[in-house]
Amino acid sequence: MLFDGLWIKVKINWYLLNAGKLQKQPSPSGWPKGDISLQGESWFDIEDAQPEEIRQFLTPLNLHPLILDRCVDQADVPGVISYDKAVLLEFPIAFDEESDNQAYLTFVLQSPVLVTIRHGKMPSIDELAQSLTGEKAPLLSHLVQILYLILDDITDTSVQAETTVRDEILNTAKTLTKNPGSVHTEDLTKLRWQVDKLVALIENQQYCIAGLNASDNEALQEPHRRAYLQDLQSEIEIAQRGIYRLETRVNDLYAYYQMAGSDLVEKRLRTLTIISAITLPLGLIAGLLGMNVGGVPWITFSLGFIVVIILMVVIAAVELWYFKQKGWFD
């Protein structure tokens, strides 16, 4: 892809909003010629871009230097920046369980252009784009509607992520109840880490939505803006309440895990105590009869060994019966 004489390797999906319909265009080989506003409003979705490639692409928009620098440095700091008719939004998306880093989606809105820059894998954006360009796609009047629809899709995935972690906690609790020995500390630590990441995700998303709600930039104005923002806020609050409950559940799992571990240790100690109590009199008898002194009984008795063995077996059986009656094996 050629921009200002530089060949850059970056995937750009170009969608044109015209007459209420979002239409996918061929990947641009440069900025569309002529006045974009005469063609319709454009949404450019950028994937797998390096910082310098992002700078080359955004330069023709003449953005404020602060907005341009924030897009390029990829600091992944959630929030909303508004200058003149341009708005920058950096919004965190639902986390990847295998990744320690939070993925962000950067929005740059300056009529008649909306640019989204992906920092991480975001298959849900592709699915949303397909639904917006399909035969049953809703009518769209402004680019800002696409921004709100993307945010709504992301917050939905946040609720789904909370549900996924909740199910993992439930399965761990079930396993811990049936077979405590199969659950390890690493399993609970992983759950704790996932919940902590969810807490950070939802709090950052809530901060971004609050910034959108407070902004009076005309680029964000839309007849149904209040309804969109209320819906986003409602989704985030649902996810937040659920996540705070998950924190309590994980703490309960830790407490139950420690209790199960203590119970297991207690059972083992009780077993060792029973074995010691049984072998103590048997060892005493063996020690007395094994003394190398005169007068030891049954030395000359031909059946002495058998009698002693029977006696020891009877003593062990009586002790086992006694412990069973007292409930030591329960």
*Rounded to the nearest 10 degrees, what's the angle between the helix 304-325 long axis and the longest principal axis of the chain, both from Cα atoms, 0 to 90?*
40 degrees
_Can you give the log10 of the normalised intensity I(q)/I(0) at q = 0.12, 0.13, 0.18 Å⁻¹, computed with Debye over equal Cα scatterers of the stretch 147-288?_
-0.65, -0.71, -0.98
*Residue of Leu253, Leu61, Leu212 that the Gaussian network model of the chain assigns the largest fluctuation, springs spanning Cα pairs under 10 Å*: Leu61
*Could you give the longest part of the chain that holds none of the chymotrypsin sites (Phe, Trp or Tyr not before Pro) found in DSSP loops with at most 15 neighbouring Cβ atoms within 10 Å?*
1-297
*For Ala255 and Ala137 in the same chain, what is the full-extension length gain: residue separation times 0.36 nm, less their Cα-Cα distance, in nm?*
37.5 nm
*Among Asp84, Asp216, Asp45, rank each residue by its count of other Cβ atoms within 10 Å, from fewest to most, as a rough exposure measure.*
Asp216, Asp84, Asp45
*Report the trypsin sites (Lys or Arg not before Pro) located in the stretch 107-163 that are in a DSSP loop and have at most 11 other Cβ atoms inside 10 Å of their Cβ, or state none.*
Lys136
_Can you tell me the orientation of helix 143-178 relative to the chain, as the angle in degrees between its alpha-carbon axis and the longest Cα principal axis, to the nearest 10?_
0 degrees
*What FRET efficiency do you get for Lys121 and Thr185 if R0 is 30 Å and r is their Cβ-Cβ distance, rounded to the nearest 0.05?*
0.50
*What's the angle, to the nearest 10 degrees (0 to 90), between helix 185-214's Cα axis and the longest principal axis of the chain?*
20 degrees
*Radius ratio Rg over Rh of the chain, counting only Cα atoms, Kirkwood formula for Rh*: 1.39
*Could you work out how far apart the two model spin labels at Tyr244 and Leu320 are, taking each label as a point 7 Å from the Cα in the direction of the beta carbon, and quote it in nm?*
5.7 nm
*Which order results if Glu235, Glu168, Glu135 are arranged by neighbouring Cβ count within 10 Å, fewest first?*
Glu135, Glu168, Glu235
*Using a simple spin-label model with points 7 Å from Cα along the Cα→Cβ vector, what separation in nm is obtained for Leu289 and Arg268?*
3.4 nm
*asked:* Between Leu66 and Lys24, how high is the FRET efficiency from 1/(1 + (r/R0)^6) when r is the Cβ-Cβ distance and R₀ = 30 Å? Nearest 0.05.
replied: 0.40
*Determine how many Å³ per residue the convex hull of the Cα atoms of the stretch 86-185 encloses.*
120 Å³
_Residue of Arg192, Arg241, Arg70 that the Gaussian network model of the chain assigns the largest fluctuation, springs spanning Cα pairs under 10 Å_ = Arg241
*Working out 0.36 nm times the residue gap between Asp48 and Thr163, then minus their Cα-Cα distance, what length gain in nm do you get to one decimal?*
38.5 nm
_Prolate/oblate/rounded label for the stretch 119-171 (Cα gyration tensor, a/c 1.5)_ = prolate
*Looking at this model, which pairs from Lys267/Lys326; Lys85/Lys136; Lys178/Lys267; Lys24/Lys85; Lys174/Lys197; Lys121/Lys174 are more than 21 angstrom apart at the alpha-carbon?*
Lys85/Lys136; Lys24/Lys85; Lys174/Lys197; Lys121/Lys174
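Any read-out appearing in this document is the output of simple, stated calculations on the displayed coordinates, not a laboratory observation. From a predicted model like this one, the values you see are computed outputs, not experimental measurements. Please note: Cβ atoms are built from the backbone with ideal geometry, for glycine as well, and neighbour counts cover all protein chains shown.
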